[in-house]
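The values are calculated or read from the model by the stated rules, or taken from the named source; none is laboratory data. The structure displayed is predicted, hence computed values, not measured ones. Every residue, glycine among them, receives a Cβ derived from its backbone with ideal geometry; neighbour counts consider all protein chains shown.
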Amino acid sequence: MSEAKKPLLEVKDLKTWFPIRSGIFSKVTGQVKAVDGVSFSLGRKETLGLVGESGCGKTTVGRSILRLIEPTQGSVKFDGIDVLSTEGEQLRALRKRMQIIFQDPYGSLNPRMTVGSILSEGPHIHKMGNDKEIRERIQHLMDRCGLDPINHINRYPHEFSGGQRQRVGIARALSVDPEFIVCDEAVSALDVSIQAQIINLLLDLQDEFELSYLFIAHDLAVVEHISDRVAVMYLGKIVEEAASDDLYADPRHPYTRALLSAVPEPDPRRKKNRILLEGDVPSPINPPSGCPFHTRCPQVGPRCSKSVPEGFKITSDHHSYCWLESKEGVGEVSV
């Protein structure tokens with residue numbers, strides 16, 4: 001396989017569990033299975049949208065890949081490098097190539113540092129030039145991200161609007177010249193009009209700097225516009241993965257269909273059949289056996305509670321983890 005076609009990022013059977021401790025000796029009495037066996041790959045200059053309800057493990061996946069949270073088990077390879085076994089200077093060099101844009105554009109910025117100091121911190125740590133070169137670099141990035149490099153460089157985060165602060169967060173991620181960026185709900189805290197501006201900015205920057213994105217969000221309408229492929233998560237697992245056009249045109253997993261049915265329809269003359277899911281999302285402390293979605297699925301069958309469905313291949317780029325796609329499963333389904 002040529003270098004251009006090799007995945008930039010490969011994640012296999014990633015698990016991130018958080019121990020539950022109780023008693024005077026803080027004995028481990030259980031595990032919160034936030035991420036429970038996630039696998040996917042990401043190509044160069046590609047965007048993978050990772051979507052699902054709040055609490056499904058999306059953010060934990062992104063932070064586990066970057067080792068901001070240490071995974072419990074699994075494999076993460078970035079450009080052929082084993083991320084989870086890398087330490088010291090090698091890890092620091094690797095983190096220069098992998099960055100993150102956080103959800104909260106205010107909480108992620110140091111309130112005691114000016115924008116100039118925030119943006120120059122990374123280049124100074126990685127020794128990317130002298131003071132003049134770094135200053136010229138961050139001024140260019142500020143201008144590229146829609147900030148005034150002269151009037152804004154000495155201001156503090158509280159002096160900016162939410163959209164401007166997120167532009168600072170984007171510029172900070174770009175300041176060390178990364179190849180891969182985790183966009184962790186990067187637009188969810190912004191007004192709709194500002195969301196569109198930030199999405200367009202991210203698309204322009206991707207073309208200019210040849211970036212790969214893991215775009216984490218719960219808004220499927222936003223994900224549709226920026227993603228090449230989309231992976232849908234539920235209770236710590238991926239339940240469907242496909243090219244963006246395929247997923248929105250032909251969703252196969254019952255959970256994906258329910259999510260898409262909840263996306264508002266801009267044309268009031270067009271009616272959409274809303275799929276209402278009954279019950280609550282099970283606890284990740286004690287997830288259900290078999291398919292994690294079977295407790296709420298409107299098309300559940302006897303097999304669903306007994307074994308975890310494999311990834312059934314619908315097309316070369318479309319996989320659904322649902323027994324409905326198997327010949328055996330269809331016969332058992334009670335609709």
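Numbers below:
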item: Among residues of the stretch 166-196, those that are part of a helix (DSSP H, G or I), over 17 Å from the mean Cα position of the chain (by Cα) and under 26 Å from E53 (Cβ atoms), counted; result: 4
item: Residue in the stretch 248-262 that is of a type outside the set (A, V, I, L, M), surrounded by 14 or more Cβ atoms within 10 Å (Cβ to Cβ) and either farther than 26 Å from H225 by Cα or over 26 Å from the mean Cα position of the chain (by Cα) (or both) present; result: no
item: Qualifying residue in the stretch 107-116 (condition: under 16 Å from I181 (Cβ atoms), in contact (Cβ under 8 Å) with a residue 24 or more places away in the chain and not hydrophobic (A, V, I, L, M, F, W, C)); result: yes
item: Selected residue (only one of G30, G74 is modelled with pLDDT of 95 or more and farther than 19 Å from C291 by Cα); result: G74
item: Flag if D104 is of a type outside the set (G, A, S), under 23 Å from the mean Cα position of the chain (by Cα), surrounded by fewer than 16 Cβ atoms within 10 Å (Cβ to Cβ) and under 30 Å from N154 (Cβ atoms); result: yes
item: Residues of the stretch 197-237 classified as touching a residue at least 60 places away in the same chain (Cβ under 8 Å), more than 15 Å from the chain's Cα centre (by Cα) and either assigned to a loop (DSSP other than H, G, I, E, B) or within 24 Å of P266 (Cβ to Cβ) (or both), total; result: 1
item: Meets criteria (buried (at least 19 other Cβ atoms within 10 Å of the Cβ) and of a type in the set (V, I, T)) for I125; result: no
